[in-house]
Amino acid sequence: MPKAFLLCETNKFKKEDFLVPIQQSLFEEEGESVVSLNLNQDDFHLNFDQYLCHHDYVHNTRGRVFNKDFNYYLEPLSFYAYLKADEELLFTQTKTDAALDFISKLNNTKEFLLSPVSIDFKKMIPLITEVAGAWIADLKRTHLKTAGYFGPNVHRSEEYKEAAAEGNVSSIQMYYTSIKSGNEHYVAISKKGSIILYDTFPTIEEEIDMVYEIYSKFIKPHL
């Protein structure tokens, strides 16, 4: 199952255990939304501190259950985040939209100021050995607003170039060979600021190695 890591710059970060005050996110009928962040291990790997996080992610979906109508429901998510304080960098390992909502909730307090890293595909793509796929959004076509293009060096095809000029690249997929392990992996980079690992890694440390390598090689130079 793919794993997404949202990458954020940490302009301000409370390193101690933190619980968002419950009155800031109180739901009168469907339950209480809880957001918490607790230090789990100092210097877990590569000078990243590991935090255990919890976020009750709100889905704005209407429905009816047990003869009661609801306008939304809470999805409880527990996940890890990794802070590299010397680079003001945070990796949050959960699905991208939930991670974005999580940092938004933290930013609503006075203890955090986090922002997803900026992704510049135009500068990044020339550095990639082989782009294996890409999704392009905001197309101005009658029956097609988003399109995917896949295949070896797909970014060199005329179809891709035409669509990229018309819309906005929302993600790219590529095969990347790790400098550290020498293994090739299929990964994606999202315009929202996340790196997605599609392969299974033996350890969390190896996942962090891969994400940090891709960040350092393709994203950090353009920040």
Selection from segment 122-167 of residues that are closer than 19 Å to VAL187 by Cβ, open to solvent by 60 Å² or more (accessible area, probe 1.4 Å) and over 23 Å from the mean Cα position of the chain (by Cα): PRO152
Residues in segment 73-100 that are farther than 25 Å from TYR175 by Cα and exposed (fewer than 15 other Cβ atoms within 10 Å of the Cβ) total 6
Go through the residues of segment 58-75 one by one and say whether even a single one is closer than 22 Å to THR10 by Cβ and either of a type outside the set (D, E, K, R) or at pLDDT 95 or above (or both). no
Run down SER170, SER194 and say which single residue is touching a Lys or Arg at 6+ places or on another chain (Cβ under 6 Å) and small (Gly, Ala, Ser). SER170
Provide a single number: the residues in segment 78-98 that are touching a Ser or Thr at 6+ places or on another chain (Cβ under 7 Å) and either basic (Lys, Arg) or over 20 Å from GLN41 (Cβ atoms) (or both). 1
Cross-chain or 6+ apart pairs with Cβ under 6 Å, segment 181-193 first and farther than 18 Å from VAL169 by Cα, then surrounded by 18 or more Cβ atoms within 10 Å (Cβ to Cβ): HIS185/TYR176
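Just one of ASP120, ASP101, ASP86, ASP138 is at positive phi and in contact (Cβ under 8 Å) with a residue 24 or more places away in the chain; which is it?
ASP138
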Restricting attention to segment 190-209, the residues that are aliphatic (A, V, I, L, M) and touching a Phe, Trp or Tyr at 6+ places or on another chain (Cβ under 7 Å) number exactly 2
Could you grab the pairs with beta carbons closer than 9 Å, sequence gap of 6+ or different chains, first residue in segment 153-174 and free of Cβ contacts under 8 Å to residues at least 12 places away in the same chain, second one of a type in the set (Ser, Thr, Tyr)? SER157/TYR149; GLU159/TYR149
In segment 107-151, how many are of a type outside the set (Val, Ile, Thr) and assigned to a loop (DSSP other than H, G, I, E, B)? 15
Spot the failing condition for TYR175; the list is (1) open to solvent by 50 Å² or more (accessible area, probe 1.4 Å); (2) assigned to a loop (DSSP other than H, G, I, E, B), and only one is missed. (2)
Could you tell me which residue of segment 1-41 is modelled with the lowest pLDDT, considering only residues that are out of contact with any strand residue (DSSP E or B) (no Cβ under 8 Å at 6 or more places or on another chain) and outside any loop (DSSP other than H, G, I, E, B)? GLN23
What residue, of HIS55, HIS45, is modelled with pLDDT of 85 or more and within 20 Å of PHE201 (Cβ to Cβ)? HIS45
Pair list, Cβ < 8 Å and 6+ apart or interchain, from segment 196-209 residues that are assigned to a helix (DSSP H, G or I) to residues that are open to solvent by less than 20 Å² (accessible area, probe 1.4 Å) and of a type in the set (Ser, Thr, Tyr): ILE208/TYR82; ASP209/SER178
Just checking, does segment 156-164 include any residue being over 13 Å from ILE125 (Cβ atoms) and either touching a Lys or Arg at 6+ places or on another chain (Cβ under 9 Å) or aliphatic (A, V, I, L, M) (or both)? yes
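The values are calculated or read from the model by the stated rules, or taken from the named source; none is laboratory data. Here the structure is a predicted model, which means the values were calculated and not measured. Note: ideal-geometry Cβ built from the backbone for every residue, glycine included; neighbour counts use all protein chains shown. Just so you know, the surface numbers come from the protein's heavy atoms only, side chains and all, with ligands and any DNA or RNA stripped out. Shrake-Rupley method; radii C 1.70, N 1.55, O 1.52, S 1.80 Å.
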